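Take a look at the structure set out below.
The values are calculated or read from the model by the stated rules, or taken from the named source; none is laboratory data. Here the structure is a predicted model, which is why all the values come from computation and not from measurement. All Cβ positions, even for glycine, are placed from backbone atoms using ideal geometry, and neighbour counts span all protein chains on display. The area values use the complete protein model at the heavy-atom level, side chains included, leaving out ligands, DNA and RNA. Shrake-Rupley method; radii C 1.70, N 1.55, O 1.52, S 1.80 Å.
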Amino acid sequence: DSAITETGTFTLAPVNVTVQTNPPGLQFIVDGTPYTGSQAFVWSATAPHTLSAASPQGDTATRFVFANWSDGGNQTHSVSPVLDTTFTVNFSAQYYLTMDTGTGGGAVSPASGWFNAGQAVQISATPNGGYNFGGWTGTGTGSYTGTNNPATVTMDSPVKETAAWTAGT
């Protein structure tokens, strides 16, 4: 509890602060020290502390990028809470789309790269002279297998699309 000392100075009680991630288990930084998941602190009221979100984080197929802090602060910002509080750093998932030209035959687009979870991505194949597009073989949730050109994949997981070509005129 808050108190007034003999000298008349007002002191604030320590505050309980929780810092956590959404989704759970990711990394954040408090005052230069990295933590993973959720961490409880007891801080002096109004004392400034620096919160930061490591971004991106993940692996070569799935990564998480900073979206926002629950208090609306920037990716790295200072906080000075006076009441017990929880700060949550929110991340957005991204998945890697691997585009494979297959054997000979032509070009594919877009280039391999990161796309937001749930994003619809149009893929297309352009045959070289003397080849025809034969179809797509896709792996991963949301991938496409078939002969549509262009086709659409939905990035619900890491996706690989491989083009097939046939000799033609």
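At-a-glance table
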item: Residues of the stretch 94-114 that turn out to be buried (at least 18 other Cβ atoms within 10 Å of the Cβ) and of a type outside the set (G, A, S), as a count; result: 6
item: Counted residues, the stretch 37-46 - those being hydroxyl-bearing (S, T, Y) and over 12 Å from V89 (Cβ atoms); result: 2
item: Candidates P24, P48, P34, P81, filtered to the one that is open to solvent by 30 Å² or more (accessible area, probe 1.4 Å), more than 30 Å from S157 (Cα to Cα) and out of contact with any Cys (no Cβ under 9 Å at 6 or more places or on another chain); result: P48
item: Residues satisfying the stated conditions in the stretch 97-118, i.e. touching a Lys or Arg at 6+ places or on another chain (Cβ under 8 Å) and of a type in the set (S, T, Y); result: T98
